[in-house]
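To keep things clear, I will list the structure first and then write my remarks on it.
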Amino acid sequence: MARVCQLTGKRTRVGNNVSHANNKTKRKFFPNLQKKRFYMESTGEWITMKVATSAIKTINKNGVEATLLKAAERGTLSGRIVVSPK
């Protein structure tokens, strides 16, 4: 499975390690992804998503269903998650 957040679309970035002598070598910056279960009150079921920790904070603040709807509007929602507005 790819290292991509299903909610925000965050993915691995590429950059450089820079030494004291200013030598540059390639490296990767991975998003802090966690596998997390969320309860959907409208359907009464649990969904499991692979999301970044920043997305978990947003879900805790706004609620899972509102955050999923906003992600679907932005077009960053990926995976087999089906969201229908009320």
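Based on protein heavy atoms only, the chain ends up with 77 Å² per residue of surface accessible to a 1.4 Å probe. By accessible area, using a 1.4 Å probe on protein heavy atoms only, the range 32-86 has 48% of its surface on carbon and sulfur.
From the Kirkwood radius over Cα pairs of the chain, Stokes-Einstein at 4 °C and 1.567 mPa s returns a whole-number translational diffusion coefficient of 90 µm²/s. The figure for S42 is an accessible area of roughly 80 square angstrom, using a 1.4 Å probe on the protein chains alone. Highest mobility in the GNM of the chain, judged by mean-square fluctuation with C-alpha springs under 10 Å and restricted to T43, T67, T58, is found for T43.
Magnitude of the charge dipole for the chain, about its Cα centre and with charges confined to Cβ atoms of Lys, Arg (+1) and Asp, Glu (-1), is about 560 debye. Checked against a 28 Å cut-off, the cross-linked pairs K26/K57; K24/K57; K26/K70; K36/K70 give Cα-Cα distances beyond that limit for K26/K57; K24/K57; K26/K70. How high is the relative contact order of the range 10-86, given as a whole-number percent (alpha carbon pairs under 8 Å, six or more residues apart)? Rounded, it is 18 percent for the range 10-86.
The values are calculated or read from the model by the stated rules, or taken from the named source; none is laboratory data. Computed from a predicted structure; not experimentally measured. FYI the Cβ positions are ideal-geometry reconstructions off the backbone, even for glycines, and counts take in every protein chain you see. Ligands, DNA and RNA are excluded from the accessible area calculation, which covers all protein heavy atoms including side chains. Shrake-Rupley method; radii C 1.70, N 1.55, O 1.52, S 1.80 Å.
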